[in-house]
1. Out of Val76, Val11, Val27, report the one residue that is surrounded by 14 or more Cβ atoms within 10 Å (Cβ to Cβ) and not charged (D, E, K, R).
2. Does Lys52 satisfy the criteria of being surrounded by fewer than 17 Cβ atoms within 10 Å (Cβ to Cβ), touching a strand residue (DSSP E or B) at 6+ places or on another chain (Cβ under 9 Å) and on the phi < 0 side of the Ramachandran plot?
3. Provide a single number: the residues in region 33-91 that are of a type in the set (D, E, K, R) and assigned to a loop (DSSP other than H, G, I, E, B).
4. Please tell me if Val19 is under 24 Å from Glu90 (Cβ atoms), loosely packed, with under 15 Cβ neighbours inside 10 Å and of a type in the set (Val, Ile, Thr).
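Where a number appears in this text, it was derived from the coordinates with a stated rule and is not lab data. This structure is a prediction, so every number in the text was calculated from the model and none was measured. Don't worry about glycine lacking a Cβ; one is built from the backbone with ideal geometry, like all the others, and counts go over all protein chains shown.
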Amino acid sequence: DVRTGYGRSEVIHGVSIEVPVDGVAAVMGHNGAGKTTLLRAAGAFQKSHGGKVLFNGDDITKLRPSARVSRGLAYVPQGQQSFGQLTTAEN
């Protein structure tokens, strides 16, 4: 139930996503819909205005990005940061 945005402007209003073990999720929407903001919040690169980020049943809301990565959650922005030698699923 994540809420986040920029300054006082809230962009994400209580979004919840559940992905089963070994599952894949896609976040789709038009430009400006908040896709990047949502993923940045999940990766701890965007400050939350409220709600919790749960990963494997654990509340990781207050963990730094490095701590989230060590648990298996990473945020790799679109562009040159993808790993060319990996398949789409591996990325």
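1. Details: Val76 fails: surrounded by 14 or more Cβ atoms within 10 Å (Cβ to Cβ); Val27 fails: surrounded by 14 or more Cβ atoms within 10 Å (Cβ to Cβ).
After applying the criteria, what remains is Val11.
2. Values: surrounded by fewer than 17 Cβ atoms within 10 Å (Cβ to Cβ): yes; touching a strand residue (DSSP E or B) at 6+ places or on another chain (Cβ under 9 Å): yes; on the phi < 0 side of the Ramachandran plot: yes.
For Lys52, the condition - surrounded by fewer than 17 Cβ atoms within 10 Å (Cβ to Cβ), touching a strand residue (DSSP E or B) at 6+ places or on another chain (Cβ under 9 Å) and on the phi < 0 side of the Ramachandran plot - is met.
3. 6
4. Judged against the criteria, Val19 is a match.
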